[in-house]
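Data block below; observations after.
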Amino acid sequence: MTGVTDIRAQIDALPGLDPRAPLLHVEDLHVEFRTRDGVAKAVNGASFHLSAGETLAILGESGCGKSVTAQAVMGILDTPPAHITNGTVRYRGVDLLGLSEQERRKVRANRIAMIFQDALSALNPVYTVGFQLGELFRKHRGLSRKDAKRRAVESLDQVRIPAAGQRINDYPHQFSGGMRQRVMIAMALALDPEVLIADEPTTALDVTVQAQIMRLLAELQRQRTMGLILITHDMGVVADVADRVSVMYAGKVVEEAPVYDIYGRPAHPYTQALLASIPRLDLKGRPLNVIRGLPPALTDIPSGCAFHPRCGYAREICRQEQPPAYRIAPHRESRCHFIREVLGV
Amino acid sequence: MSDASDLVLETRNLVKHFPITQGVVFKSKVGAVRAVDGVDLQLRRGETLGIVGESGCGKSTLAKLLVSLEKPTSGEVIVRGENMARLSGQSLRRARRNIQMVLQDPYTSLNPRMTVGDIIGEPFAVHPDAVPRAGRARAVQELLDLVGLNPDHVNRYPHQFSGGQRQRIGIARALALRPEIIVCDEPVSALDVSIQGQVINLLESLQHELGLSYIFIAHDLSVVRHISDRVAVMYLGKIVESGYHLAIYEQPTHPYTQALLSAVPVPDPRLRGRRDLIELEGDVPSPADPPSGCRFRTRCWKAQPYCADHEPLLQIRQRSPHPSACHYAEIRDVIRY
Amino acid sequence: MSDMNALAAETPAPPSPAGRKSRSLAADAWHDLRRSKIFWAALVIIVVVLLMAIWPSLFTSADPHDCVLSRRHRGASGGAIFGYDYQGCDVYAKTVYGARYSILVGVCSVLLAGVIGLTVGLAAGYFGGWLDALLSRFVDVMLGVPFLLGAIVLGKRLAAEPGNSNGVLAVTLTLGILGWTTGARVMRSSVIEAKNQDYVAAARMVGAGPARLIFRHVLPNAMAPFTVVLTILLGINIASEATLSFLGVGLKGDAVSWGISISEATGYVRVAPGPLIWPSVFLAATVLAFIMLGDAVRDAFDPKLR
């Protein structure tokens, strides 16, 4: 059992670690991809924080930088082409970006874990699920083969896979889509992380299975008072599970607010337009509200406020100046020059 | 209600079984995937019929059967009084002009090596009598204009367009032969929310302008509700419930429809925890070996021994004012959003 | 119509990279090729080698058959800038004159193999079913035949045909008949991939017939891996011609080719490396030029890379 104390102690001994500091604090994160065809600015100043037991949803459309942000926090971006050009990612006060790769790996497995949209490609197809789970316990917890297997069964049990004792001998492709997602959740949670980042965890699944998985995630989170970052484009899922929401557009968090405020009184034109574009019963027989134009190419982000070419509130200043983050209320920020108009005050 | 002369498309007991074979040279049939297993549909002029269901329910195979991309194992697809399933060669080619399809993935449905002009003009090349040669370039530009793209972009390649624009190109291609019916197979599910609305609005305005009838297949229930006049719910190759959109969404009587609707997350945090979420157990059974009797009974909370022996027909029942394939059909108020 | 106009106002298409007006695919490809250094380099090498093959006397006035044993392995002198080989022949002259048969055999055998491979691969992949089963098993059988054994048997048989004085036709046929299998396999799999694409379904839906589906949709999108196989095969075949000639089933009489020169010189590489190195350099440069040309053309015809 020496492995256990070792790795945990090593993490606790990281310079600057303060158990009272915020669980996760990302500030002014910039990531760009340098390719032959130019520089794509995927993340342009993302800031957010997460406390224990809280669910933060990062909401945005494809290409808004939400997945890249998550990968930067996890430290799984490939450099090159990706380069983190600015910003900090602090876990309990430790700047993760300043750690060595080895130290990061320890934090990654034991404190911050991640699940992906495509469970099939995230699991190794040539090993049984039991072996892959057991390996985690052997490597990081120094358990014996037998104990590791017992823990593997427990893990599958916890994500409510029926007949876990037998199913640990199955290969990933033998599981259905929903069950595979459960396996991936089991693997991510095996080492009791404090933060779980879920990147579009249910996008590939059917609605009935999606409901099962989201319910499971919420329950596991409650049991463990774990911080959950849910990355998604689905406004229904966000409304169902999130405590707070960060809305991203063109690599920036344009609005951050508690979930009730986001849906009740959005403070950024983009959030407002996104919500308005959801098909509603009272719009039946009439055209849907749309956001005109296209999301910008990351190689060519508009000047000033990136949303201005598509925004109904836009004026000259929006073309020229990037709006700062205006604080509307505690825990509520919006990057728009015309917040008052947007809020109608 | 409209009379029978308004009927533009009808299917009768449509069946598609894909054989499961063994062996390479000498294949022997060892079973069949019952992808579509007895579907009756009716589509009227100017109407949109939505078809919803989860992956593996057979809705995409149904779409392919409707546009004759697959030959049915048995049953009929009747367009303008002609059974498409029986046609071949020249007569099939002519009949295809009445029914076209918009495909799901705007990235794979356009040939990357052809210009947009060639893609939209291909129907004219295949049917030279549709538009005289001299008028084709103009016809292509008019189509581009009709779907809201710049007519000067005929010489561009698909990869120079965004996903939403590509889907417009696909719609223009489907419109080229002036069909009466368009089958839309998940036309917006690959698009971002902000772009989905643009394409849905385009489809609706084209319908009004050109008098089109749509079969709209999707898994997104709120999009289907928005665009459809009537809705059919599919499960394991069969339609389990059908009716006017309000009947399906407000007064579902089949347990599967109820579970499906209850699982859709509602974009309103105030309803959190107050919704009546019906959580289904287990997975969809394999269509190669569907359960006896009612196919939903293995996951149904209402199932009785009777369900295993007697297959419920899709019909109006005592407690279901619209057709429902459940012995114990009963209205249940699931959600309102 | 009002909301239609609002829709049209959406969507400024991304400008095409060069900001130019597009033409046909071929015209676009030529536009790109003209700016490609690799394309021009490859073209220059190929043109030079082709000139050598057609008019060798443009490059040398010496006779490759004018061999004097007393000059054996002598160094460069006068017109013989590459020196002399073990029989006292002018290496430069032999290399120049060798281009003809090397190129002829290489290009023609690849064309033959290409035609067979394309047809078989396309038929098997596109039509599938029992035809695919039959053709694929036939390809397996062909791949099972050891190359040298097959070449000796086939080459001997073909060489016995009348009207085959120098062996060029026999070697070309042998290499073509034995070399198409890899191409056919590659073609089959890329045809299967291409024919299952949505755009093929879309074309079927508007009523396009098999010819249109194959030549407009499937083939153009399935050619890329096949052309790579062919350019590699060109190098292999030019070298194989040498092996066959060495075994006596290749070129006959006083024919000269790079392959023959290389195989003759290998025995004396310690004494005189020149006669081995020079034809090898020409062979390598030619093969490389064809590979580079194939690459450049393939990229130019791929609209996605533009």
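Plainly put, region B:229-337 has a radius of gyration that is 0.97 times its Kirkwood radius, both from alpha-carbon atoms, as the Rg/Rh ratio. Considering helices alone, the calculated mean residue ellipticity of chain B at 222 nm is -8000 deg cm²/dmol, with DSSP H runs of length four and up weighted by -39500 (n - 2.57) and normalised per residue. Derived scalar couplings between HN and Hα for region C:200-210 equal 6, 4, 4, 5, 4, 5, 7, x, 5, x, x Hz in order, rounded to whole Hz, by the Karplus curve 6.51 cos²θ - 1.76 cosθ + 1.60 (θ = phi - 60°), x for Gly and Pro.
Of B:64/C:195; B:16/C:195; C:37/C:94; A:66/A:139, which ones are farther than 24 Å apart at the Cα?
C:37/C:94; A:66/A:139
Centre-to-centre separation between the Cα atoms of region B:107-165 and those of region A:184-236: 43 Å. Only Cα pairs under 8 Å and 6+ residues apart enter the sum, and on that basis the relative contact order of region B:37-191 stands at 30 percent. Cys residues of chain C that find no other Cys beta carbon under 4.7 Å: C:108.
Residues considered: B:69, B:43, B:221. Largest GNM mean-square fluctuation over chain B, using C-alpha springs under 10 Å, is found at B:69. Label region B:238-296 by shape, choosing from rounded, prolate and oblate, from the square roots a ≥ b ≥ c of the eigenvalues of the Cα gyration tensor; if a/c is under 1.5 it is rounded, and otherwise prolate applies when a/b is larger than b/c, oblate when it is not. Oblate, because a/c is 1.5 or more while a/b does not exceed b/c. Remark on residue B:326: its backbone amide H falls under 5 Å from those of B:315, a criterion applied only to residues 5 or more positions apart or on other chains, H modelled at 1.01 Å from N. Give, as a single signed number, the net charge of other residues whose beta carbon lies under 10 Å from the beta carbon of residue A:239, with Lys and Arg counted +1 and Asp and Glu -1. Computed value for this residue: -1. Working note: 222 nm ellipticity from helices only, DSSP H runs with n ≥ 4, each -39,500 (n - 2.57), summed and divided by the residues of chain C, gives -22000 deg cm²/dmol to the nearest 500. Rounding to the nearest 10 and keeping the result within 0 to 90°, find how far the Cα-based axis of helix A:177-189 lies from the longest principal axis of chain A. The answer is roughly 80 degrees. Ordered by the number of other Cβ atoms lying within 10 Å of each residue's own Cβ, fewest first, C:147, A:33 fall into the sequence C:147, A:33. For region A:16-72, trypsin sites (Lys or Arg not before Pro) meeting the loop criterion (DSSP other than H, G, I, E, B) and having at most 13 other Cβ atoms within 10 Å: A:20, A:36. Where is the GNM fluctuation largest for chain C (alpha-carbon springs, 10 angstrom cutoff): C:270, C:71, C:137? Among C:270, C:71, C:137, the largest mean-square fluctuation in the Gaussian network model of chain C belongs to C:270. Against chain A, whose longest principal axis is taken from its Cα atoms, helix A:101-110 shows a tilt of about 80°. Using a cutoff of 8 angstrom between alpha carbon atoms and counting only pairs six or more residues apart, the relative contact order for chain A works out to 20 percent. Couplings 3J(HN,Hα) of region B:149-164, computed from phi: 10, 6, x, 7, 8, 4, 8, 8, 9, x, 5, 7, 10, 7, x, x Hz, in residue order, whole Hz [Karplus 6.51 cos²θ - 1.76 cosθ + 1.60, θ = phi - 60°; x for Gly and Pro].
In the protein assembly as shown, the C-alpha radius of gyration followed by the widest Cα-Cα span (Dmax) gives 33.8, 113 angstrom. Is region A:141-191 rounded, prolate or oblate when judged by the Cα gyration tensor, a ≥ b ≥ c being the square roots of its eigenvalues, rounded requiring a/c under 1.5 and prolate requiring a/b larger than b/c? Verdict is prolate for region A:141-191. Cα centroids of region A:52-78 and region B:41-82: 40 Å apart. Oblate is the label for region A:267-343. Its Cα gyration tensor axes, ordered a ≥ b ≥ c, give a/c of at least 1.5 and b/c at or above a/b. Other residues lying with their Cβ under 13 Å from the Cβ of residue A:273 contribute a combined charge of -1, Lys and Arg counting +1, Asp and Glu -1. Cα centroids of region B:220-248 and region C:215-288: 65 Å apart.
As a proxy for reagent exposure, ranking B:30, B:193 by other Cβ atoms within 10 Å from fewest up yields B:30, B:193. Among the chymotrypsin sites (Phe, Trp or Tyr not before Pro) found in region B:245-314, those both in a DSSP coil and sparsely packed, with 12 or fewer other Cβ atoms within 10 Å of their Cβ, are B:301. For q values of 0.08, 0.17, 0.20 Å⁻¹, compute log₁₀ I(q)/I(0) with the Debye formula on a Cα-only model of region A:15-168, without solvent. Each listed q corresponds, in turn, to -0.30, -1.12, -1.28. Relative contact order, whole percent, for region C:96-211 stands at 45, derived from Cα pairs under 8 Å and 6 or more residues apart. Kirkwood analysis of the Cα pair distances in chain B returns a hydrodynamic radius of 21.4 Å.
Summing +1 for each Lys or Arg and -1 for each Asp or Glu among the other residues whose beta-carbon sits under 15 angstrom from that of residue B:35 gives +2. Applied to region C:137-154, the Karplus parametrisation 6.51 cos²θ - 1.76 cosθ + 1.60 on θ = phi - 60° returns per-residue 3J(HN,Hα) values of 5, 4, 4, 4, 4, 4, 5, x, 6, x, 4, 5, 4, x, 5, 5, 4, 5 Hz, with x for Gly and Pro. In chain A, the DSSP-assigned H stretches of four residues or longer account for a calculated mean residue ellipticity at 222 nm of -10500 deg cm²/dmol, using -39500 (n - 2.57) per stretch and the full residue count as denominator. Counted residue by residue at 0.36 nm each, then reduced by the alpha carbon distance between them, the extension gain from residue A:62 to residue A:120 reaches 18.8 nm.
Each of A:127, A:91 was scored by other Cβ atoms within 10 Å of its Cβ. Listed from fewest to most, they are A:127, A:91.
To the nearest ten degrees, helix C:274-300 and the longest principal axis of the Cα atoms of chain C are 10 degrees apart. Here's how it looks for residue B:48: its modeled amide H is under 5 Å from those of B:214, B:229, B:230, which are all 5 or more places away or on a different chain. For chain B, B:57, B:184, B:300, B:326 stand unpaired, since no other cysteine beta carbon lies under 4.7 Å from theirs. With all pairs of different C-alpha atoms in the average, the Kirkwood value for the hydrodynamic radius of chain C is 22.2 Å.
Taken together, the values in this text are just the output of simple stated rules run on the coordinates, not laboratory data. This structure is a prediction, so every number in the text was calculated from the model and none was measured. In this analysis, Cβ positions are derived from the backbone assuming ideal geometry, glycine residues included, and neighbour counts consider all displayed protein chains.
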